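The block underneath contains the structure these notes are about, expressed in structure tokens.
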Amino acid sequence: MSASIFHSGNNGERGKLMVTNLRVIWHSKTLPKINLSVGFNCVINLSTRSAESKLRGTTEALYILTRCNNTRFEFIFTNLVPDTPRLFTSVIAVFRAYETSRMYRDLKLRGALIANKTLKLLPLEEVYDKVNGVWNLSSDQGNLGTFYITNVRVVWHANLNETFNVSIPYIQMKAIKIRPSKFGTALVIESLKTNNSQAGGYVLGFRLDPIEKLNEVFQQIHSLYKVYSANPIFGIQYQTEDKLEPLEQVTVQYQEDDIEITDDTPASDAFVAYFADGNKQSDNEPVFNEKLGLAVEKLKDGFTIESLWEITGI
């Protein structure tokens, strides 16, 4: 989606605003190298309210408050296209869809993941296995808990304290392997290092007994990780409303109309008056025509000036 937008942060520059599923992009129409890209991950708040525009006066504006490297920025955009409120509402709707789908992408620690000793499932999420007796090796003594293995993520929570938990989406996993630890052979999951401080380069260790069970869980998580990588689930559901039909289905065969056009009005052939007369020896005597205001050759009997100007159908 794009539109003509006034950006107040660049001396009232007229430009073009585009919104994607990951960011908002603005660039100047006169000088495209003057541009701005705001990722939704940096957005703190996004709203619309009245603002003073140099081009439109008091008008509705889109306010985007962001944070990058512990520094806050605010960007203000006003729409130059009249009667198009849907543009800003669409930007807000896309941002909300991004926010509500964070659990599909971000590693989450100590979240509200468990209710009544059951995992709160996300839309499109399915539990493939629940494994009891899993030790989290994050502390010196370890914590006994439960594994939930789904098609979107791996969730662990402590049995004695359900708020002590971790949600690891497959999209955040850097590596899954089995290696020795001070607690014995452990399942290790490494997360990607990102700009988000809540999900940056964690190494999480889990131990299961016996070793055969550990290998079985490792193979299951590794297989689901491969399936997810081939067909990821981002948590956004949509349907296309205006689907164009194939050309073959909308093509209509030409059929000639079975009708006959008739005209009972007697035709007057104006060209007959100009046919060469083989017996004519000289031009007719000129006479003055009041309608034309000119001297014309005297017409033959049965013809008038009006009939000479008529166009008859054939």
Ranked order, Y98, Y225 - accessible area, probe 1.4 Å, largest first:
Y225, Y98
If DNA, RNA and ligands are ignored and the probe is 1.4 Å, what is the ranking of D209, D140 by accessible area, most exposed first?
D140, D209
Which value, in Å² and to the nearest 10, is the accessible area of R49 when all protein chains are kept and the probe is 1.4 Å?
110
Give the accessible area for C68 in Å² (nearest 10); use a 1.4 Å probe, count only protein heavy atoms, and leave out ligands, DNA and RNA.
60
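Given axes a ≥ b ≥ c from the Cα gyration tensor, I'd like to know whether the range 109-192 is rounded (a/c under 1.5), prolate (a/b larger than b/c) or oblate. If you can, show how the numbers build up before the last one.
On the way: a/c = 1.89, a/b = 1.25, b/c = 1.52.
Judged from the Cα gyration tensor, the range 109-192 comes out oblate (a/c at least 1.5, b/c at or above a/b).
Beyond 32 Å between alpha-carbons counts as too far, so tell me which of K16/K108; K33/K226; K108/K226 fall in that bin. Intermediate values should be presented prior to the final figure.
Values: K16/K108 36 Å; K33/K226 40 Å; K108/K226 21 Å.
Over 32 Å Cα-Cα: K16/K108; K33/K226.
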Whole-Hz ³J(HN,Hα) from phi, Karplus 6.51 cos²θ - 1.76 cosθ + 1.60, for the range 102-111, glycine and proline x:
4, 5, 7, 10, 9, 6, 10, 10, 6, x
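The values are calculated or read from the model by the stated rules, or taken from the named source; none is laboratory data. Predicted model only: the values in this text are computed from it and were never measured. We work out accessible area using only protein heavy atoms, side chains counted, and drop any ligands, DNA or RNA first. Shrake-Rupley method; radii C 1.70, N 1.55, O 1.52, S 1.80 Å.
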